[in-house]
1. I'd like to check one number: the per residue accessible area of the range 80-220, probe 1.4 Å, reported in Å² as a whole number.
2. Can you send over the solvent-accessible area of Asp82, 1.4 Å probe, protein chains only, in Å² to the nearest 10?
3. Summing -39500 (n - 2.57) over the DSSP H runs of n ≥ 4 in the chain and dividing by its residue number, what mean residue ellipticity at 222 nm do you reach, to the nearest 500 deg cm²/dmol?
4. If you fit an axis through the alpha-carbon atoms of helix 146-160 and take the longest principal axis of the Cα set of the chain, what angle between them do you get, 0 to 90°, nearest 10?
5. Return the lysines within reach of Lys60: Cα separation strictly under 24 angstrom, same-chain partners fewer than 8 residues apart disregarded; answer none if there are no such residues.
6. Compute the Cα gyration tensor for the range 1-148, then decide on rounded, prolate or oblate, letting a ≥ b ≥ c be the square roots of its eigenvalues: rounded whenever a/c is under 1.5, prolate when a/b is larger than b/c in the other cases, and oblate in all that remain.
7. For the chain, with a Gaussian network of springs between Cα atoms less than 10 Å apart, report the residue from Gln205, Gln35, Gln95 with the top mean-square fluctuation.
8. Two decimals is fine: what is log10 I(q)/I(0) at q = 0.15, 0.21, 0.23 Å⁻¹ for the range 86-182, from a Debye sum with one equal scatterer on every Cα and no solvent?
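The values are calculated or read from the model by the stated rules, or taken from the named source; none is laboratory data. Note that this is a predicted model, so its numbers are computed, not measured. Every residue, glycine as well, gets a Cβ built from its backbone with ideal geometry; the counts of neighbours run over all protein chains shown. For the accessible areas, the whole protein counts, side chains as well, though only heavy atoms, and no ligand, DNA or RNA atoms are used. Shrake-Rupley method; radii C 1.70, N 1.55, O 1.52, S 1.80 Å.
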Amino acid sequence: MTDQKKDRGLLVILSGFSGAGKGTVIRELMNRYDQYALSVSATTRKPRPGEKEGVNYFFKTEEEFNAMVERGELLEHARYVDHAYGTPAAYVDEQLSAGKDVILEIEIQGALRVKEKRPDAVLIFLTPPSAEELKRRLTGRGTETEEVISARMKRAAEEARGMDRYDYILVNDDLDTCVEDLHQLIRSQHCLSSHRKELIHEIRQELVSLNEALATDKEN
Ligand code: ADP
Ligand code: 5GP
């Protein structure tokens with residue numbers, strides 16, 4: 001018996017203000033470690049320069065998105081600053097069954113919905129060290145207009161109210177430290193007894209069998 005037995009993967013939700021560095025941190029985490037699968041969401045927002053269909057998002061019209069909702073294809077969905085976003089359920093379950101830790105990079109309403117449906121999901125909130133730094137990163141990314149940036153800063157203030165509903169808060173100050181902290185945090189979740197039910201069951205069974213065998217040996 002080894003501890004290498006394949007568990008089902010963990011469902012990890014990473015939320016955080018727009019511009020906190022979620023995309024950057026996840027990209028780096030996936031480059032470094034192969035235990036992760038990233039869920040690709042559907043959205044009605046338009047692609048940013050450089051974003052690719054099926055890689056960053058599945059870009060949908062409102063009609064197409066609503067049809068996915070009606071067919072029950074989404075694990076959760078929510079609106080964020082004028083657009084709809086949702087997580088296709090099939091990929092998540094496929095990857096969890098294959099033993100991958102699946103990362104959902106989603107906003108708070110969706111995160112809380114997933115937690116209701118899957119209480120074993122780990123909720124992590126990523127924040128920059130300060131609001132000033134958030135504004136600097138949003139502006140520095142150069143992908144949004146001033147108007148969108150100010151809408152996202154307002155939304156950040158709303159989201160901050162829900163930060164304490166998350167299991168963990170992770171500060172993205174130094175990128176390298178943040179990526180390693182995230183990886184260690186997820187690894188440690190694998191040791192939760194609630195996640196090791198199969199292992200617990202097996203070791204109990206093995207101990208009973210071994211003790212029976214030993215008792216039989218002694219008798220003979
Ligand atoms: P999000 O996905 O949360 O909206 P991004 O990953 O797009 O955020 O990051 C927003 C901007 O902040 C990007 O320009 C990115 O390069 C920068 N950034 C991310 N992490 C850090 C960090 N630890 N230190 C400095 N800049 C960062
Ligand atoms: P962006 O437009 O910057 O890519 O994403 C805006 C917000 O939508 C981010 O907070 C991101 O985490 C969130 N988001 C992306 N995909 C999903 C999803 O499938 N469901 C939910 N609820 N939020 C999502």
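1. On the way: 8400 Å² over 141 residues.
Here the residues of the range 80-220 average 60 Å² of exposed surface.
2. Roughly 120 Å² of Asp82 is accessible to a 1.4 Å probe.
3. -15000 deg cm²/dmol
4. For helix 146-160, the angle is close to 40 degrees.
5. Leaving aside lysines fewer than 8 places away in the same chain, those within reach of Lys60 are Lys22, Lys46, Lys52.
6. oblate
7. Looking only at Gln205, Gln35, Gln95, the biggest GNM fluctuation is shown by Gln205.
8. One equal scatterer on each Cα of the range 86-182 leads to -0.76, -1.23, -1.30.
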